[in-house]
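J.: My structure is below; once you've seen it, I'll send some questions.
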Amino acid sequence: MFLRGKVLCILYLTCLPLFLYAQLEDSCEALFERHGFLEEGEGERAREWIQHQNARTLLALKIDPRFGEIKNSILKIQDSPDKLLYGSHEGKYVYNFLRDGGHPRGLLRRTTAKKYYANAPEWEAVLDIDALVAQEGTSWVYHGYRRLPKTHHVLIFLSPGGGDAFEVREFDFKAKAFVKDGFYLPVSKTEVAWVDKNTLIVGTDFGLGSLTDSGYNRILKLWKRGTSLEAAKTVFEGQKTDVFVSVMVLRFKGQRRILFTRLLDFFRDESFIYDEASGDLKFLDLPGDAKGTVGLNGNFCMILKRNWRYQDVLYRAGDLLEVNLSAYLAGKSAIRLVYHPPNKMPIVSVSKTKSALFVKILENVSGKIIQLTPTEKGWEQNVLPLPENGDPWITDIDPDGNFLIVGYEDFLTPDTLYFYDLKTRALKPFKALPPQFDASRYQVQQLWATSVDGTRIPYFVIASKDMKLDGSNPVILNAYGGFEVNELPAYMPTLEKIWLSRGGVYVVANIRGGGEFGADWHRSGIQENRQRVYDDFISVAEDLIGRGITSERKLGITGGSNGGLLMGVAVTQRPDLFQAAYIDVPLLDMLRYHLLLAGASWMAEYGNPEDPRMREILLSYSPYHNIRATAAYPEVLIVTANDDRVHPAHARKFAYRLSEQGHPFYFLENNDGGHGGGATVDSSADERA
């Protein structure tokens, strides 16, 4: 490993004594005094600065002939008739949401299941988002729907501009129209669930005091059809310091149970069973950091994050347990083990049909799906015979039936859909995306770097088979490293067209903070241990250089959101290591993040800046506070959006401070689209180009 700069970096950043903070080039108060206006996006001064930077950046990009060429390549792939048509089964129909050049904002459509499986669908339009935008003059972005099981009653979610907040409208799948005088909720970060066709449980912005510090719902109300929202009855309340409160409705053989949950922080919660007759709440005394998920027969399951002893039985971290709610309410033994995964092979999702559970686990950052069927002797296990070394996922499932649709992809294998019949246990492919490039030209390797503390960090390298190990290859290195998010193999024809085919190499690093190896892999990179995440990323970069795959002059990095914070730290801690950085919708001011939009909800991940000890740690790596006038930074492109999750001020202030000190940078703030990217096909292509 290259030790140049690393030991000094660790000593300086993680063991920085308080007196050395006096050497920071600006005090935090002085920075806010100069840059605080950038937190007010509607202010005239901020607006003028954003417009100027947008114009400068777009001019620089669009005068480069490669920009138009790359954008057209992206649009061609997005508009290709070869795209794989994912479907969602709802009764006798399969629904699909199409977004292409003819429907830039999207078209919800349907066909019969028979025609869908025959690969000859005759699509019937259900809801045209582009027509709705033209009719109403609002830049709507479709955020999905929620259907009352076994009915045609649907709640449609529409976001103005693509942010996290959305409007809720009742829709009739049978009539293919919005319901006149039906349920309607104005734009907010809403929690909503069907109880029955005339009743909803709603958490939204009810007015003063109804939201948490993170900007989400604090209160849940029972709302009856035909009554005003103001008349809805409060059935559950959380605390202002919670992230939000949520509802789950469990249905089984015509019966239902309602569970309310307080998300205390991003990784801990408290759940209660709601008695509809009396209004009473029964607290579920279960591990607060366990991950709740679906179960069979009106019960639910949980994935343990730590060892837990219940009635003299020790269950292990990672175990999937079933909670029998009837037994729990009767004071009887209510817990049984469903599945114990092998070490460092975490469960990442659980789905259900009428008679079985399906868990997805990871083994060395590749997925497997296992069927778990209850028998008199326990839970029978059956591994679905899917390809290895890629990412399988359940794309559609009938919770009350006996089939599911499984998708599979890897870096070189196009998306393929399989039909799985629970009765025969037959797994058959029925749709596949045609190959978008010649995969035989490329190779995928999983390599390992060693981080500062000796931990081995895996990363994938996707490159031409004739790649030379002479340091001459241009590399894009991507990572995320937070919130237990897994970076898994994915088929990326756009990346191949605009990067790999031009001689580039793409690298995905599975650093700590993610969930690729379980809860401990995540926990080892949070709060006071956050520097480990950045050490891991830098170690992967050094390993790439040490192997001759690339060099400092050929190494670019990219990441968004929490990954944007990672990019900012990498650039400010090791500017000598990188040639360029793409920093997308990032967090960058780690002393004020908790005061901006949803930032308070992330304190379990990063720590509380109001705590003096955590403030010291956050200040040691906060990219915005660690820009130095004397440093030679790589060229950076900082992109943000009309984002109601991560405040655009993070990107604005970072760019402004670079500008003050004369460092090269480009800045772009998109007006359309939220944290997830562009609202239309064209704006998405612009952003990716």
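J.: Highest mean first, what order results for 451-458, 27-34 on Cβ atoms within 10 Å?
T.: Values: 451-458: 16.0, 27-34: 14.1.
Final packing ranking: 451-458, 27-34.
J.: Starting from the Cα gyration tensor of the chain, take the square roots of the eigenvalues, sort them a ≥ b ≥ c, and report rounded, prolate or oblate (rounded when a/c is under 1.5, otherwise prolate if a/b is larger than b/c, else oblate).
T.: Rounded.
J.: Based on alpha-carbon atoms only, what is the radius of gyration of the stretch 225-362 relative to the globular estimate 2.2 N^0.38 Å?
T.: Numbers: Rg = 16.1 Å, N = 138, 2.2 N^0.38 = 14.3 Å.
Here the answer is 1.13, to two decimals.
J.: Further question: Take every DSSP beta bridge whose two residues both sit in the chain, then give the antiparallel share in percent to the nearest 5. Working shown, then result.
T.: Working: 130 of 155 bridges.
Counting DSSP beta bridges with both partners in the chain, the antiparallel share is about 85 percent.
J.: Beyond 14 Å, what percent of the Cα pairs of the stretch 478-538 remain?
T.: Details: 1049 of 1830 pairs.
Value for the stretch 478-538 (Cα pairs over 14 Å): 57 percent.
J.: For VAL585, which sequence-distant residues (separation of 5 or more, or a different chain) have an amide H within less than 5 Å of its own amide H, given hydrogens modelled in the peptide plane?
T.: SER561, VAL639, THR640
J.: Also, quick follow-up: Going by a ≥ b ≥ c, the root eigenvalues of the Cα gyration tensor, does the stretch 122-169 fall in the rounded group (a/c under 1.5), the prolate group (a/b larger than b/c) or the oblate group? Intermediate results must be reported in sequence, preceding the final value.
T.: Numbers: a/c = 2.45, a/b = 1.31, b/c = 1.88.
The shape class here is oblate.
J.: Something else: Take the Cα atoms of the stretch 542-625, build their convex hull, and give its volume per residue in Å³.
T.: Values: hull volume 8.0 nm³, N = 84.
It is 95 Å³ per residue.
J.: How do 350-363, 115-128 rank on mean C-beta neighbours within 10 Å, highest first? All intermediate terms of the calculation are to be shown ahead of the outcome.
T.: Details: 350-363: 19.9, 115-128: 14.9.
So the order, starting with the most tightly packed, is 350-363, 115-128.
J.: A further question on this structure: Over the chain, what is the relative contact order in percent, taking alpha-carbon pairs closer than 8 angstrom and at least six residues apart? If you can, show how the numbers build up before the last one.
T.: Numbers: 1504 pairs, mean separation 75.7, N = 689.
Result for the chain is 11 percent.
J.: OK, next. Once phi is turned into ³J(HN,Hα) by the Karplus curve 6.51 cos²θ - 1.76 cosθ + 1.60 with θ = phi - 60°, what whole-Hz value does each residue of the stretch 558-565 show in order, with x for glycine and proline?
T.: Karplus-based 3J(HN,Hα) across the stretch 558-565 equals 8, x, x, 6, 4, x, x, 4 Hz.
J.: Along each of its three principal axes, how wide is the spread of alpha-carbon positions in the stretch 331-432, in whole angstrom units, largest first?
T.: Principal extents (largest minus smallest coordinate, Cα): 51, 32, 20 Å.
J.: Measure nothing fancy, just the Cα-based angle from helix 649-660's long axis to the longest principal axis of the chain, in degrees from 0 to 90, nearest 10.
T.: With rounding to tens, the tilt is 10 degrees.
J.: Another one. Quick one: divide the alpha-carbon radius of gyration of the stretch 158-305 by 2.2 N^0.38 Å and tell me what you get. Don't skip to the answer; put the middle values down first.
T.: Values: Rg = 15.9 Å, N = 148, 2.2 N^0.38 = 14.7 Å.
The stretch 158-305 yields a ratio of 1.08.
J.: Now for a different question. With axes computed from alpha carbons, what is the tilt in degrees of helix 65-78 against the longest principal axis of the chain, rounded to the nearest 10 within 0 to 90?
T.: Around 10 degrees separate the two axes.
J.: Using a/c under 1.5 as the rounded threshold, could you call the stretch 585-664 rounded, prolate or oblate? The axes a ≥ b ≥ c are square roots of the C-alpha gyration tensor eigenvalues, and prolate needs a/b larger than b/c, oblate otherwise.
T.: Numbers: a/c = 2.73, a/b = 1.34, b/c = 2.04.
Since a/c reaches 1.5 but b/c is at least a/b, the shape of the stretch 585-664 is classed as oblate.
J.: Using the charge dipole of the chain (Lys, Arg: +1 at Cβ; Asp, Glu: -1 at Cβ; taken about the Cα centre), state which of PHE578, PRO489, VAL452 has its Cα farthest towards the positive end.
T.: PRO489
J.: With n ≥ 4 as the cut-off for DSSP H runs, can you work out [θ] at 222 nm for the chain, using -39500 (n - 2.57) per run divided by the number of residues, rounded to the nearest 500? Don't skip to the end; give the middle numbers.
T.: Numbers: 15 runs with 141 residues, N = 689.
Taking each H run of at least 4 residues, the total per residue is -6000 deg cm²/dmol.
J.: Here is a follow-up. Just the number: Rg to Rh for the stretch 38-80, Cα atoms, Kirkwood Rh, two decimals. It would help to have the intermediate numbers written out before the result.
T.: Working: Rg = 15.2 Å, Rh = 12.4 Å.
For the stretch 38-80, the value is 1.23.
Computed from the coordinates by the stated procedures, all read-outs in this text should not be read as laboratory data. Predicted model, so just to flag it, every value in this text is computed and none were measured. So basically every Cβ, Gly included, is an ideal-geometry build from the backbone, and we count neighbours across all protein chains shown.
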